[in-house]
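Peer 1: Have a look at the structure that comes next, please.
The values are calculated or read from the model by the stated rules, or taken from the named source; none is laboratory data. Computed from a predicted model, the values in this text were never measured in an experiment. So basically every Cβ, Gly included, is an ideal-geometry build from the backbone, and we count neighbours across all protein chains shown.
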């Protein structure tokens, strides 16, 4: 199995953009999921990169209704395995002296993901 790698290229006009490598070579579109506070977003577009075979262009529209004062963290995961490939944080409102809140929000989101996976594992093995 080929390991997926997702690299951010930019955020512009409310759209997160990145390049995915290691996707399927048979033309199947890689399954990516984006979550925010445990809810899956359906704003992901994955298309083959016309300039480089085996690479995929990923675009994620950031829904404006999810933006509010504070730190909002979005996790990008492999839909097949649940592995976190990348994440991004949007900070709005008053500027933060240290970005510790963003890091804490990311840790909380990943901990929630691990708890769900552990509970699912326990239920499946009983």
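Peer 1: Check 69, 49, 28, 112 and return the single one that is touching a residue at least 12 places away in the same chain (Cβ under 8 Å) and under 20 Å from residue 3 (Cα atoms).
Peer 2: Working: 69 fails: under 20 Å from residue 3 (Cα atoms); 28 fails: touching a residue at least 12 places away in the same chain (Cβ under 8 Å); 112 fails: under 20 Å from residue 3 (Cα atoms).
The conditions single out 49.
Peer 1: Something else about it: What is the residue count in the stretch 35-46 for residues that are without any contact (Cβ under 8 Å) to a residue 40 or more places away in the chain and under 29 Å from residue 118 (Cβ atoms)?
Peer 2: So the count comes out to 8.
Peer 1: Out of everything in the stretch 78-95 that is over 11 Å from the mean Cα position of the chain (by Cα) and not in a loop (DSSP other than H, G, I, E, B), what residue ends up being farthest from residue 28 (Cα to Cα)?
Peer 2: Step one: filter the stretch 78-95 for residues over 11 Å from the mean Cα position of the chain (by Cα), giving 80-81, 90-95.
Subset that is not in a loop (DSSP other than H, G, I, E, B): 90-92.
Working: 90: 31, 91: 35, 92: 37 Å.
My answer is 92.
Peer 1: Next question, about the same structure. Right, residue 65: farther than 30 Å from residue 28 by Cα and modelled with pLDDT of 90 or more or not? Let's see the steps before the verdict.
Peer 2: Working: farther than 30 Å from residue 28 by Cα: yes; modelled with pLDDT of 90 or more: yes.
So residue 65 fits the description; yes.
Peer 1: What number of residues within the stretch 47-77 satisfy the criterion of being assigned to a strand (DSSP E or B) and either touching a helix residue (DSSP H, G or I) at 6+ places or on another chain (Cβ under 9 Å) or surrounded by 18 or more Cβ atoms within 10 Å (Cβ to Cβ) (or both)?
Peer 2: 11
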